[in-house]
Amino acid sequence: MDIILTTDDDKLTECAELMCSSEPWVTLNFTLDQCMKGVRGDYREVYVAMVDDELAGFVVIQLYGVLRGYIQTICVKPEHRNKGIGTALLMHSEERISKISPNVFMCVSSFNKEAQKLYERLGFEKIGELKDHIVRGYDEYILRKSAGPFSEFVAKG
């Protein structure tokens, strides 16, 4: 498996199509247009996991803003789940973010129990809750994994 940064329009479209056909975005009623906007735009980096020249999953990270070091989206194709690809994408994201921030942030839907277990196992802690944030009846949990406060942070590379 290779994890590579992409700006390729066809690859980004493939990511958006995968996203809008997967949980939690199906339950959250995301459209293809919303997913397309989610993988494109300023201040985003999209990394794709490729297995045998096929997109197996992707992650979108944001390196600027109030929550600099935010993992915005992570998605793995169903046939590639439980094979370490999601973990590899998260670890790659953490490594990239560690160059600009001691903190990694992400959100997870209240109903996405399997993802919650993975993130907890990887050291993320729930630090907040956004009630009815995207769709009424479902909350988003704010997660953080920290190497310490910004006041002690020294940028890498």
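The values are calculated or read from the model by the stated rules, or taken from the named source; none is laboratory data. In this text, all values refer to a predicted model and were calculated from it rather than measured experimentally. Note: ideal-geometry Cβ built from the backbone for every residue, glycine included; neighbour counts use all protein chains shown. Accessible surface areas use protein heavy atoms only, side chains included; no ligands, DNA or RNA. Shrake-Rupley method; radii C 1.70, N 1.55, O 1.52, S 1.80 Å.
Just for strands (runs of 3 or more DSSP E) wholly inside segment 95-157: which have at least 3 residues that are open to solvent by 30 Å² or more (accessible area, probe 1.4 Å) and either out of contact with any His (no Cβ under 9 Å at 6 or more places or on another chain) or more than 15 Å from Thr73 (Cβ to Cβ) (or both)?
Working: elements: 103-109, 125-130, 140-146.
Correct list: 125-130, 140-146.
Could you check segment 8-62 and list, in sequence order, the residues that are part of a loop (DSSP other than H, G, I, E, B), more than 14 Å from the chain's Cα centre (by Cα) and closer than 21 Å to Ala88 by Cβ?
Within segment 8-62, Asp8, Asp52, Asp53 qualify.
Please work out which residue is surrounded by the fewest Cβ atoms within 10 Å (Cβ to Cβ), limiting yourself to segment 63-85 and to residues that are under 13 Å from the mean Cα position of the chain (by Cα) and of a type in the set (A, V, I, L, M, F, W, C).
Applying the filter and picking the extreme gives Leu63.
Consider only pairs whose beta carbons are under 6 Å apart and that are at least six residues apart or on different chains; among these, list those whose first residue lies in segment 64-90 and is farther than 17 Å from Ile3 by Cα and whose second residue is part of a helix (DSSP H, G or I) and open to solvent by less than 40 Å² (accessible area, probe 1.4 Å).
Gly69/Ile97
For residues that are of a type in the set (Phe, Trp, Tyr) and surrounded by 17 or more Cβ atoms within 10 Å (Cβ to Cβ), tally how many sit in segment 41-62.
2
Arg68 fails exactly one of the following numbered conditions: (1) assigned to a loop (DSSP other than H, G, I, E, B); (2) out of contact with any strand residue (DSSP E or B) (no Cβ under 8 Å at 6 or more places or on another chain); (3) among the charged types (D, E, K, R). What is the number of that condition?
(2)
Residue by residue through segment 99-157, note down the ones that are touching a residue at least 40 places away in the same chain (Cβ under 8 Å) and among the acidic types (Asp, Glu).
If the condition is that a residue be touching a residue at least 40 places away in the same chain (Cβ under 8 Å) and among the acidic types (Asp, Glu), then Glu152 is the only one that fits.
If you go through segment 71-94, how many residues are β-branched (Val, Ile, Thr) and either in a strand (DSSP E or B) or in contact with a Lys or Arg (Cβ under 7 Å, 6 or more places away or on another chain) (or both)? Quick ask: steps written out before the conclusion?
Taking segment 71-94 and keeping what is β-branched (Val, Ile, Thr), we get 71, 73-74, 76, 85, 87.
In the following step, the residues that additionally are either in a strand (DSSP E or B) or in contact with a Lys or Arg (Cβ under 7 Å, 6 or more places away or on another chain) (or both) were identified as 71, 73-74, 76.
Matching residues across segment 71-94 total 4.
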